[in-house]
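Participant: Below are the structure tokens for one structure; questions will follow.
The values are calculated or read from the model by the stated rules, or taken from the named source; none is laboratory data. As the structure is a prediction and not an experimental result, all values here were calculated from the model. As a convention, Cβ positions derive from the backbone with ideal geometry for all residues, glycine included, and neighbour counts pool all protein chains shown.
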Ligand code: CP
């Protein structure tokens, strides 16, 4: 079952989100967060989906996506099961990936998955559709390819940060680091087609630049972008700087060896050049590209971004299960 404007089902790719849906999810995130602040509201939220069960199949390492989805489920009363290590599942006995997913779908109402391989969430969604099992698949990171729910929480963080300045529309957003293999920056860039007059600045060494399909998508959708390997050339123009780490886990040879961290790092020196009302984001975990000394700067948004992640995932589950109207009854 594919998603429609009224019904969100499988979450596979940022390109499935329209501007009205993004706006609705942002508003829903703020709403659930506000409801949860009061004890009564938190208790009411826990009844909302207490008849549902979720499978968290995370066979690629994760801290915050796993924990934020797990806790988002618990906020809504959804019971969770997990497999994080396939060596203790029946995959070790030779069970195929599709048979494993089909088995999960016998027990749960939603499957949230992070995989090393690209396209495995899409493959799982196609399987559910083929066997007519109404179990949504949520892509929580598919190899080097996409991380759509990270992009949603990034959109929410950007919208909140620019709330008094007209939101994301018209902003200059820099994305820096290993843009070739970084799925978070790619997924976020794909979502920019929904915003007006946004300009993207890709800051990366030649060998780690954004790949052509994304750039073609931006060109086809009239999104202006500029590429440079020189942060100091552009930093003063940015409204947001989205920093990402070197994705060494995808090295097949020694691709990362020549990466000059010093040129793609944010520290106190770079913060001096950033606008007073600009923000710094990072999907985390960080490496040397983001100096912990930046943490105490009010423009550092990454810890807030991390917290926003759980609430955006609560909103997403509410929308997937179509219970958003029930929120109206809550305080
Ligand atoms: N941002 C993110 O995906 O973090 P984890 O790898 O810790 O889930």
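Participant: Name the residues in the stretch 187-226 that are part of a helix (DSSP H, G or I) and loosely packed, with under 13 Cβ neighbours inside 10 Å, would you?
Facilitator: 206, 207, 212, 213, 216, 219, 220
Participant: Among the residues of the stretch 83-94, how many are surrounded by fewer than 14 Cβ atoms within 10 Å (Cβ to Cβ) and without any contact (Cβ under 8 Å) to a residue 24 or more places away in the chain?
Facilitator: 6
Quick grid of which residues meet (1) without any contact (Cβ under 8 Å) to a residue 60 or more places away in the chain; (2) outside the structural domain of residue 24 (by TED's automatic domain parsing); (3) within 12 Å of the ligand (Cβ to nearest atom):
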position: 246; (1), (2), (3): no, yes, no
position: 257; (1), (2), (3): yes, yes, no
position: 271; (1), (2), (3): yes, yes, no
position: 276; (1), (2), (3): yes, yes, no
position: 281; (1), (2), (3): no, yes, yes
position: 286; (1), (2), (3): yes, yes, yes
position: 294; (1), (2), (3): yes, yes, no
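Participant: I've got another one for you. Can you tell me which residue among 240, 229 is surrounded by 15 or more Cβ atoms within 10 Å (Cβ to Cβ) and within 17 Å of the chain's Cα centre (by Cα)?
Facilitator: Selected residue: 240, the only one of 240, 229 that is surrounded by 15 or more Cβ atoms within 10 Å (Cβ to Cβ) and within 17 Å of the chain's Cα centre (by Cα).
Participant: In the stretch 61-82, which residue that is more than 8 Å from the ligand (Cβ to nearest atom) and part of a loop (DSSP other than H, G, I, E, B) is surrounded by the fewest Cβ atoms within 10 Å (Cβ to Cβ)?
Facilitator: Top of the filtered list is 77.
Participant: Filter the stretch 168-184 for residues that are without any contact (Cβ under 8 Å) to a residue 60 or more places away in the chain and either part of a strand (DSSP E or B) or within 16 Å of the ligand (Cβ to nearest atom) (or both) and give the result.
Facilitator: 183
Conditions tested, residue by residue: (1) touching a strand residue (DSSP E or B) at 6+ places or on another chain (Cβ under 7 Å); (2) surrounded by 15 or more Cβ atoms within 10 Å (Cβ to Cβ); (3) part of a helix (DSSP H, G or I); (4) modelled with pLDDT of 95 or more.
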position	(1), (2), (3), (4)
285	no, no, no, yes
295	no, no, yes, yes
298	no, no, no, yes
303	no, no, yes, yes
310	no, yes, yes, yes
315	no, yes, yes, yes
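Participant: Sticking with this one: Filter the stretch 35-60 down to the residues that are assigned to a helix (DSSP H, G or I) and touching a helix residue (DSSP H, G or I) at 6+ places or on another chain (Cβ under 8 Å), then identify the one that is nearest to the ligand (Cβ to nearest atom).
Facilitator: 36
Participant: Any residue at all in the stretch 91-110 that's within 24 Å of residue 129 (Cα to Cα), modelled with pLDDT under 95 and part of a helix (DSSP H, G or I)?
Facilitator: Checked against the condition, which is being within 24 Å of residue 129 (Cα to Cα), modelled with pLDDT under 95 and part of a helix (DSSP H, G or I), the stretch 91-110 yields at least one hit.
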